[in-house]
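Novice: One structure, as structure tokens, below. Some questions next.
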Amino acid sequence: MANANIPQNFNLIIPAGTQIVTKIEVKNPATNQSWKPGAVGVIVQSPTDNSHAYLVKLPDGTEISLRRHELSIRKQFQSEGLQSKADFLAEYNLYDSVIYRCIVGSKAYGLDNAQSDTDRRGIYQPPAKLHWSLYGIPEQLENKQNDECYWELQKFLIVALKGNPNVLECLYTPLVETLSPVAAELLEIREIFLSKLVYQTYNGYVLSQFKKMEQDLRNSGEIRWKHAMHLIRLLLSGITVLKEGFVPVRVDDYRSQLLSIRNQEVPWDEVNRWRLDLHREFDRAFGSTRLPERPNYEKANQFLIKARRSAIED
């Protein structure tokens, strides 16, 4: 099978300075010395088209003429026979390795309407032999058409430890569709991911996104109101995380206010004032939170090692 990463267009002219490998036995006419196929050389002069030969210098200084079919680019030559990662993984349906599937987004928040999509997120844990192979595994599986995204277990844990709100909400959503024993054990220890890092992560994202919205407002007079609604929701969520030590997903207490933002029933100035008030409340919650400075890295690591061992096939 041809390596998908190797260009197959032989009409391209290889530039001078490129290292090549000979595909035929070559001889020095002056000394009658010969080199078996596989000798290394450097192109010193390229032809104008592939109907003419390349001038190639060998390591001892000998110069020979080779046509395109008589040589291979060294980097490509060394990759021949190594199956591409895409071809290797095509033999497996990694979606069969999903161990945790949940619904997040508007339907989980209780902010959905008839047009809302069903956003599925979760974790996949491939067979151990894929981790051990030359090709490795993708950090996430994503199907944009179906609004699905599944992180490889280690990637999921690392992102959760950084306080990423999208990943933390996966651990607290009430809408769970697939739950393996490994995933159930993870949910039992989900509080290990909560720390004061939430304050920086949530706050930083909201600040950057509101800045972009204000620029959009100045430049075009338009903003994404649904996005503004979710940024306010994120601040409300972060405050609860710091105060109460869990990630709220449903927003029943603020549903009408949030929907009024999405429906453009609230002036921008009022939305911005609410945001600033929430930032101040977030600051106060940060000052009094009982959450640790950092998440429990050691416990997360122990969980990952145990989960990886469980994936080893007999």
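Novice: If you go through the range 120-140 one residue at a time, do you hit one that is in contact with a strand residue (DSSP E or B) (Cβ under 8 Å, 6 or more places away or on another chain), open to solvent by 40 Å² or more (accessible area, probe 1.4 Å), of a type outside the set (D, E, K, R) and part of a strand (DSSP E or B)? Reasoning before the result, please.
Specialist: From the range 120-140, those in contact with a strand residue (DSSP E or B) (Cβ under 8 Å, 6 or more places away or on another chain) are 120-126, 137-140; that's our starting set.
Narrowing the set further to residues that are open to solvent by 40 Å² or more (accessible area, probe 1.4 Å) leaves 120-121, 139-140.
Pick out the ones that are also of a type outside the set (D, E, K, R) and you get 140.
Right, trim to part of a strand (DSSP E or B) and you get 140.
Yes, the conditions are met somewhere in the range 120-140.
Novice: Separate question: Scan the range 167-177 residue by residue and report those that are in contact (Cβ under 8 Å) with a residue 60 or more places away in the chain and surrounded by 15 or more Cβ atoms within 10 Å (Cβ to Cβ).
Specialist: Of everything in the range 167-177, those that are in contact (Cβ under 8 Å) with a residue 60 or more places away in the chain and surrounded by 15 or more Cβ atoms within 10 Å (Cβ to Cβ) turn out to be Leu168, Glu169, Cys170, Leu171, Tyr172, Thr173, Leu175, Val176.
Novice: Now for a different question. Residues of the range 204-214 being under 17 Å from Glu270 (Cα atoms) and open to solvent by 50 Å² or more (accessible area, probe 1.4 Å), which ones?
Specialist: Leu207, Lys211, Glu214
Novice: Another question about this same structure. Scan the range 148-166 residue by residue and report those that are over 17 Å from Pro295 (Cβ atoms) and either in contact (Cβ under 8 Å) with a residue 40 or more places away in the chain or open to solvent by 50 Å² or more (accessible area, probe 1.4 Å) (or both).
Specialist: If the condition is that a residue be over 17 Å from Pro295 (Cβ atoms) and either in contact (Cβ under 8 Å) with a residue 40 or more places away in the chain or open to solvent by 50 Å² or more (accessible area, probe 1.4 Å) (or both), then Tyr150 is the only one that fits.
Novice: Right, next: Picking from Val182, Val104, which residue would you name as being open to solvent by 20 Å² or more (accessible area, probe 1.4 Å), within 30 Å of Glu293 (Cβ to Cβ) and among the β-branched types (Val, Ile, Thr)?
Specialist: Checking each option against the conditions leaves just Val182.
Novice: Looking at the range 210-225, is at least one residue in contact with a strand residue (DSSP E or B) (Cβ under 9 Å, 6 or more places away or on another chain) and part of a helix (DSSP H, G or I)?
Specialist: Looking through the range 210-225, none of the residues is in contact with a strand residue (DSSP E or B) (Cβ under 9 Å, 6 or more places away or on another chain) and part of a helix (DSSP H, G or I).
Novice: Additional query: Just to be sure I understand, how many residues within the range 14-23 are assigned to a loop (DSSP other than H, G, I, E, B) and either of a type outside the set (A, V, I, L, M, F, W, C) or loosely packed, with under 15 Cβ neighbours inside 10 Å (or both)? Write out each step before concluding.
Specialist: As a first pass, look at the range 14-23 and keep what is assigned to a loop (DSSP other than H, G, I, E, B): 14-18, 23.
Narrowing the set further to residues that are either of a type outside the set (A, V, I, L, M, F, W, C) or loosely packed, with under 15 Cβ neighbours inside 10 Å (or both) leaves 15-18, 23.
So the answer is 5.
Novice: Let me spell it out: the conditions are (1) at pLDDT 80 or above; (2) under 30 Å from Gln45 (Cβ atoms), and Asp96 meets all of them except one. Which number is the exception?
Specialist: Unmet for Asp96, out of (1) at pLDDT 80 or above; (2) under 30 Å from Gln45 (Cβ atoms): (2).
Novice: Any residue in the range 111-137 that's closer than 20 Å to Leu234 by Cβ and free of Cβ contacts under 8 Å to residues at least 60 places away in the same chain: show its pairings with residues that are part of a loop (DSSP other than H, G, I, E, B) and open to solvent by less than 20 Å² (accessible area, probe 1.4 Å) at Cβ separation under 6 Å, as long as the two are six or more apart or on different chains.
Specialist: Filtered contacts from the range 111-137: Asp119/Gly105.
Novice: Any idea how many residues of the range 27-57 are in contact with a helix residue (DSSP H, G or I) (Cβ under 8 Å, 6 or more places away or on another chain) and either closer than 20 Å to Gln78 by Cα or open to solvent by 50 Å² or more (accessible area, probe 1.4 Å) (or both)? Lay out the reasoning, then the answer.
Specialist: Step one: of the range 27-57, the residues in contact with a helix residue (DSSP H, G or I) (Cβ under 8 Å, 6 or more places away or on another chain) are 40, 50, 54.
With the extra rule that they be either closer than 20 Å to Gln78 by Cα or open to solvent by 50 Å² or more (accessible area, probe 1.4 Å) (or both), the set shrinks to 40.
Count: 1.
Novice: Let me ask something else. Mind listing whichever residues of the range 35-77 are of a type in the set (S, T, N, Q) and in contact (Cβ under 8 Å) with a residue 40 or more places away in the chain?
Specialist: Result: Asn50, Ser72, Gln76.
The values are calculated or read from the model by the stated rules, or taken from the named source; none is laboratory data. Predicted, not measured: the structure shown is a model, and the values here were computed from it. FYI the Cβ positions are ideal-geometry reconstructions off the backbone, even for glycines, and counts take in every protein chain you see. Side chains are part of the model used for accessible areas, which takes the heavy atoms of the whole protein and leaves out ligands, DNA and RNA. Shrake-Rupley method; radii C 1.70, N 1.55, O 1.52, S 1.80 Å.
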